[in-house]
Amino acid sequence: MSSQQFDKATLFSSKFEALGGFVHGAQTLEEAVSTVNNIIRRRGKGKVCCAPLFIGDHASNPDMQTAPGTDVSSKVASDLAFGDASEDPQRLKDVDVGVTKADYAVAQTGCLVEISLNDANHLLSSVVRLHIAVLEASNVLSNLRDLAPILRRVFSAGGEPKPRVTLISGPSRTSDIEMKMVMGVHGPLEVHTVIVGLKNLIRNGVGRDSEEI
């Protein structure tokens with residue numbers, strides 16, 4: 001990984017944690033899955049559902065240039081199959097932990113970018129108490145200007161269903177009630193990002209090890 005990409009991931013982590021989120025580094029797919037399961041074990045309080053997680057294999061291709069990606073969702077400790085949730089999104093009302101892939105992140109604003117093609121994937125990051133997003137280090141963008149052409153391509157592709165784009169900047173918060181900040185009212189109370197391909201993030205003092213949560 002280039003020093004420039006590392007700097008972008010480090011900036012994203014700092015911004016995301018300043019907004020109340022948690023960031024974890026993992027160099028390989030195995031470490032990423034282990035981190036996700038550790039978060040579930042330590043912070044989860046109920047059922048878990050995991051969306052497909054197609055992640056490039058950093059063990060053989062650290063720079064993520066050619067790896068088509070491997071779906072590692074079957075290795076996540078889930079209680080509800082994503083296929084069942086897709087057929088009946090109402091089943092997600094009983095889910096406590098949602099695990100999804102973040103398509104991109106924006107370093108400048110500290111937000112995750114999720115592009116969803118079905119209701120279940122979108123709901124897994126928006127109605128659960130605990131959301132865990134898995135992000136490839138190579139997909140951290142510098143700013144929103146870098147995101148704009150990507151979204152233009154996504155929406156110009158056409159087809160059905162139409163994509164839904166969500167920008168996620170930490171846990172849900174609102175101050176509508178008596179002008180007091182309340183967390184988790186309209187969305188997740190807790191949000192974790194696992195960055196695959198960036199173990200050095202922890203060693204440089206940015207981000208958290210899952211054992212510390």
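If you check 123, 147 for being assigned to a helix (DSSP H, G or I), among the hydrophobic types (A, V, I, L, M, F, W, C) and modelled with pLDDT under 95, only one passes: 123. Consider region 99-119 and keep the residues that are among the hydrophobic types (A, V, I, L, M, F, W, C) and over 14 Å from residue 165 (Cβ atoms). The one that is surrounded by the fewest Cβ atoms within 10 Å (Cβ to Cβ) is 107. Criterion first (modelled with pLDDT under 90, assigned to a loop (DSSP other than H, G, I, E, B) and touching a helix residue (DSSP H, G or I) at 6+ places or on another chain (Cβ under 6 Å)) does residue 159 satisfy it? Against the criterion (modelled with pLDDT under 90, assigned to a loop (DSSP other than H, G, I, E, B) and touching a helix residue (DSSP H, G or I) at 6+ places or on another chain (Cβ under 6 Å)), residue 159 does not qualify.
So is residue 169 hydroxyl-bearing (Ser, Thr, Tyr) and more than 21 Å from residue 121 (Cβ to Cβ) or not? Answer is no for this residue.
The values are calculated or read from the model by the stated rules, or taken from the named source; none is laboratory data. Just so you know, these numbers come straight off a predicted model, no measurement behind them. Here the Cβ is made from the backbone with ideal geometry for all residues, glycine too, and neighbour counts use every protein chain on show.
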